[in-house]
1. Evaluate the relative contact order of the chain (contact order divided by residue number), counting alpha-carbon pairs under 8 angstrom at least 6 apart; express in whole percent.
2. Take the chain, mark every one of the GluC sites (Glu not before Pro) that falls in a DSSP loop and has at most 13 other Cβ within 10 Å, then report the longest stretch left between them, sites excluded.
3. Normalised by the number of residues in the stretch 1-76, what is the relative contact order in percent for Cα pairs under 8 Å and 6+ residues apart?
4. Can you give the extra length, in nm with one decimal, that the chain gains between residue 183 and residue 102 once fully stretched, where that is 0.36 nm per residue apart less the Cα-Cα distance?
5. Can you list which of the trypsin sites (Lys or Arg not before Pro) found in the stretch 1-109 are DSSP loop residues with at most 10 other C-beta atoms within 10 Å?
6. Quick one: accessible area per residue over the stretch 87-225, 1.4 Å probe, rounded to a whole number of Å²?
7. Taking N as the number of residues in the chain, what is its alpha-carbon radius of gyration divided by 2.2 N^0.38 Å?
8. Which net charge results for the neighbourhood of residue 8, defined as the other residues with beta-carbon distances under 13 angstrom from its beta-carbon, given Lys and Arg at +1 and Asp and Glu at -1?
Amino acid sequence: MAVVRLENASKLYKSEDKRDKRKHYAVRELNLTVEQGEFVFLIGSSGAGKSTMLKLIGGELSPDEGSVYVDDMNVSRLFGPWRARLARTFGIVSQQTLLIRKRTIMENLMVAGRASGMQRKSKAAAEKALGLVGLPTVGDCYPAQLSIGEVRRVELARAMLSSPPILLLDELTANLDDDNIWDMMHLLNELNSRGTTIIMATHASQYVNIMRRRVVTLVDGKLAGDVKNGRYGDIV
Ligand code: ADP
Ligand code: MG
């Protein structure tokens, strides 16, 4: 069980133009609470700050201003065993694939499982996670042998190895065709109905509109909308 809370959280970057010494806000003064079991679509155009926001929540980035809490723990002040506990709170699929090309799917999942502290149980956990995403037989394949839809589902399985209470998914539906997006949304709906919190950045507007879940919108790094049972583009 975990509640995520951002309080006036901002992240600053140096300008990509080297002559420009000023910093600019990737995200600015974000305030948001997500309760355990919620399903949140994070939307906004490219560069709006979606990935930065997910990284702040997952503790991959620390806010330059404001704070991020998981339950009552300040994420950027955690260290040692608390940090490891935080890592087990989140299952993360980032925008860039984390699968190693030269390893089979099973090897990939076992490497990830060991990294998250599972020792002997990692094979069983990998098999269970692959079953959950509907791909029980791909363990001996290499990533390049799978379709993009299958790769995405394997990435989801990788994120779910330690049964985290919260999934942070960055554009998991990018480059998928309609059938694959639909399958993915069904799968996420099912995980969510079993209690997993889902926070996902997506551009799949059609599906956001069908699912009618909470829609959080970022515009230029600022929170521009937060609507329950929302639609793509709702700004309230
Ligand atoms: P989105 O995921 O919505 O496309 P991002 O969170 O990736 O947006 O980026 C938000 C803003 O922060 C963009 O203007 C981007 O250029 C900037 N930004 C993100 N990461 C970095 C970085 N490592 N260095 C400099 N600027 C960055
Ligand atoms: Mg992004």
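The values are calculated or read from the model by the stated rules, or taken from the named source; none is laboratory data. What you are looking at is a predicted structure, and each value in this text was computed from that prediction instead of being measured. Here the Cβ is made from the backbone with ideal geometry for all residues, glycine too, and neighbour counts use every protein chain on show. Protein only, heavy atoms only, side chains kept; ligands, DNA and RNA dropped before computing areas. Shrake-Rupley method; radii C 1.70, N 1.55, O 1.52, S 1.80 Å.
1. 26
2. On the way: sites that count: 16, 35.
With GluC sites (Glu not before Pro) excluded where exposed in loops, the chain gives 36-236 as its longest stretch.
3. Rounded, it is 41 percent for the stretch 1-76.
4. 26.4 nm
5. Taking the stretch 1-109 and a limit of 10 other Cβ atoms within 10 Å, the loop trypsin sites (Lys or Arg not before Pro) found are 18, 19, 21, 22, 101, 102.
6. Accessible surface, normalised per residue, equals 48 Å².
7. My calculation over the Cα atoms of the chain gives 1.01.
8. Details: positive: 5, 11, 28, 222; negative: 7, 29, 64, 65.
Around residue 8, the charge tally is 0.
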